[in-house]
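Heads up: the structure comes next, in structure tokens.
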Amino acid sequence: MTPLCFILMPFGRKPVGAAIVDFDAVYKTFLADAVRDAGLQPLRADEERAGGIIHRQMFERLVLCDLALADLSGANANVFYELGVRHGTRPGATVLVFAETTPPPFDLGPCRAIAYGMDANGNLTRPEQDRAAIADALREAQRQRRDSPLYELLQGFPELDHSKTDLFRDQVAYSERRKAELAAARRAPDAAAALLAVQRSFGQPEAVEAGVLVDLLLSFRDADAHQAMLDLIAAMPTHLATTVLVREQQAFALNRLKRREEAKAVLEELIRTRGPQPETNGLLGRVYKDLWKEALAAGRTAQARGLLDRAIKAYRDGFEADWRDHYPGINALQLMLQRNPDDPEIAALSPVVRYAVNRKLSRGHGDYWDHATALELAVLAGDEAGAQAALAEALACAPAGWMLATTADTLEMLARGQVAEWVAALTAALRGHIGP
């Protein structure tokens, strides 16, 4: 899927110094081509029309689009406002350009910007050279972590990338009425059918708030309605469908539908463009883990060994990208035990994972996966009392059935070949709460 580049620039004919510049022509014959040269899809605010409030759509694009290109020529007030929104919500992936006859104001001094040639009559003077320079800057921006002065200069300024998709409903504000409708549908006996009915009441996805659409997506996931997830993503506006959160959920659904190669392709593309990340690598590790299980069941032992190694690497790369996120770490440990219980790396990695989850739980903000990880660590350590306590906390989080099934599968894998009745009882308790 081609990443989007949202272009912030004046529309129509506007003054730049003493000249009157046709910015529509600058876009069509110059900036849009530079964006395409960088392997991106250009999008300007006037090109994607949909129902609803135009400012909401603009804010969504500013925050969600992979890349942004801002033309500061003429010090247009709208462009500067939009750039402030972008810099305040995204740490990187924003490129600045301007006509060399009107350099940016002092406050943008710390920001790197590319000057493009323009004469006193508003005509481009070196379009091919400048187009190549802008394309190069956009390619670099895809690899660069930070270019927002807020994120660069203010230590600890918060990034808005999600830490876990399961926290989305608590972190994002949107229609309380829609939240309530989706929550009621998730509790229905046939949750998938109820959610589809709610979706039909929305009308065209382009007119629906991004938060509502993502909550619907996660609700379909909790209802094991994986094809409905893919259908919803296909109907989403492009600027939302191409976000990391949505693409990760797309890969999750593809893997649950056993479309493993497609899931791998989505996740590997994200890792190529963003580097290893706990969530993305955790999902990729799960794909390889499922492939490993399938190869074992089919008696393809040599292939299974290679797939197990890839699963471990995916999980470890994700954990090493951010040791605060224990999820890929505990999965790496589990699979390392399956490969070689005497691996000395297990003893080195275990306390790091344990510290990460204990630190998270000590803050009082633990979710289901935090308590499930504590449960799995207790099983690995043979700590029955600790495992029972962690199980009680995990079940108190009212998790979705697929979450319980995932943990039950993991405990069965950890207990394989061992006589541990208390582990079997834990597994039975998890499966007993999945429901019909």
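The values are calculated or read from the model by the stated rules, or taken from the named source; none is laboratory data. Not measured: the values here are computed from a predicted model. Virtual Cβ from ideal backbone geometry, glycine too; neighbours counted across all protein chains shown. Surface accessibility is based on the protein's heavy atoms, side chains included, excluding ligands, DNA and RNA. Shrake-Rupley method; radii C 1.70, N 1.55, O 1.52, S 1.80 Å.
Observations
- Restricting the first member to the range 229-242 and to residues that are open to solvent by 10 Å² or more (accessible area, probe 1.4 Å) and assigned to a helix (DSSP H, G or I), and the second to residues that are modelled with pLDDT of 90 or more and among the acidic types (Asp, Glu), no beta-carbon pair is closer than 7 Å while six or more apart or on different chains.
- Residues being among the aliphatic types (A, V, I, L, M), surrounded by 19 or more Cβ atoms within 10 Å (Cβ to Cβ) and part of a helix (DSSP H, G or I) - total across the range 80-107: 1
- ALA141 vs. criteria at positive phi, buried (at least 16 other Cβ atoms within 10 Å of the Cβ) and modelled with pLDDT under 90: no
- Residues that are surrounded by 14 or more Cβ atoms within 10 Å (Cβ to Cβ) and either assigned to a loop (DSSP other than H, G, I, E, B) or at pLDDT 85 or above (or both), drawn from the range 145-156: ARG146, ASP147, SER148
- None of ASP325, ASP367 is buried (at least 21 other Cβ atoms within 10 Å of the Cβ) and in contact (Cβ under 8 Å) with a residue 60 or more places away in the chain except ASP325.
- Residue identified as surrounded by fewer than 23 Cβ atoms within 10 Å (Cβ to Cβ), in contact with a Gly (Cβ under 6 Å, 6 or more places away or on another chain) and assigned to a helix (DSSP H, G or I) among ALA378, ALA385, ALA389, ALA314: ALA378
- In the range 224-235, the residues that are in contact with a Leu (Cβ under 6 Å, 6 or more places away or on another chain) and over 17 Å from LEU283 (Cβ atoms): LEU232
- In the range 403-421, the residue that is farthest from LEU283 (Cα to Cα) out of those that are at pLDDT 90 or above and either small (Gly, Ala, Ser) or surrounded by fewer than 15 Cβ atoms within 10 Å (Cβ to Cβ) (or both) is ALA408.
- Qualifying residue in the range 246-262 (condition: at pLDDT below 95, surrounded by 16 or more Cβ atoms within 10 Å (Cβ to Cβ) and among the aliphatic types (A, V, I, L, M)): yes
- Within the range 14-29, the set of residues being modelled with pLDDT of 90 or more and within 14 Å of ASP71 (Cβ to Cβ) comprises LYS14, VAL21, ASP22, PHE23, ASP24, ALA25, VAL26, TYR27, LYS28, THR29.
- When the range 263-284 is filtered for residues that are at pLDDT below 95 and open to solvent by 30 Å² or more (accessible area, probe 1.4 Å), the ones remaining, listed by number, are GLU269, ILE271, ARG272, THR273, ARG274, PRO276, GLN277, GLU279.
- The set of residues from the range 10-37 being free of Cβ contacts under 8 Å to residues at least 24 places away in the same chain and among the hydroxyl-bearing types (Ser, Thr, Tyr) comprises just one member, TYR27.
- Of all residues making up the range 196-220, the number that are at pLDDT below 85 and either within 19 Å of VAL63 (Cα to Cα) or of a type in the set (A, V, I, L, M, F, W, C) (or both): 7
- Taking residues in the range 116-143 that are within 24 Å of LEU67 (Cα to Cα), and partners anywhere that are in a helix (DSSP H, G or I) and open to solvent by 50 Å² or more (accessible area, probe 1.4 Å), the pairs with Cβ atoms closer than 6 Å and at least 6 places apart or on different chains are ALA135/ASP37; GLN142/THR273.
- Cβ pairs under 7 Å, 6+ apart, first in the range 183-198 and surrounded by 13 or more Cβ atoms within 10 Å (Cβ to Cβ), second in a loop (DSSP other than H, G, I, E, B): ARG186/ALA223; ALA191/ALA223; ALA192/ALA223; ALA192/ALA225; ALA194/ALA188; LEU195/ALA223; LEU195/ALA225
- The residues listed here are ALA398, ALA387, ALA428, ALA424; of these, the one that is farther than 25 Å from SER219 by Cα, of a type outside the set (S, T, N, Q) and in contact with a Phe, Trp or Tyr (Cβ under 9 Å, 6 or more places away or on another chain) is ALA387.
- Some residue of the range 285-297 being of a type outside the set (A, V, I, L, M), open to solvent by less than 10 Å² (accessible area, probe 1.4 Å) and more than 25 Å from MET336 (Cα to Cα): no
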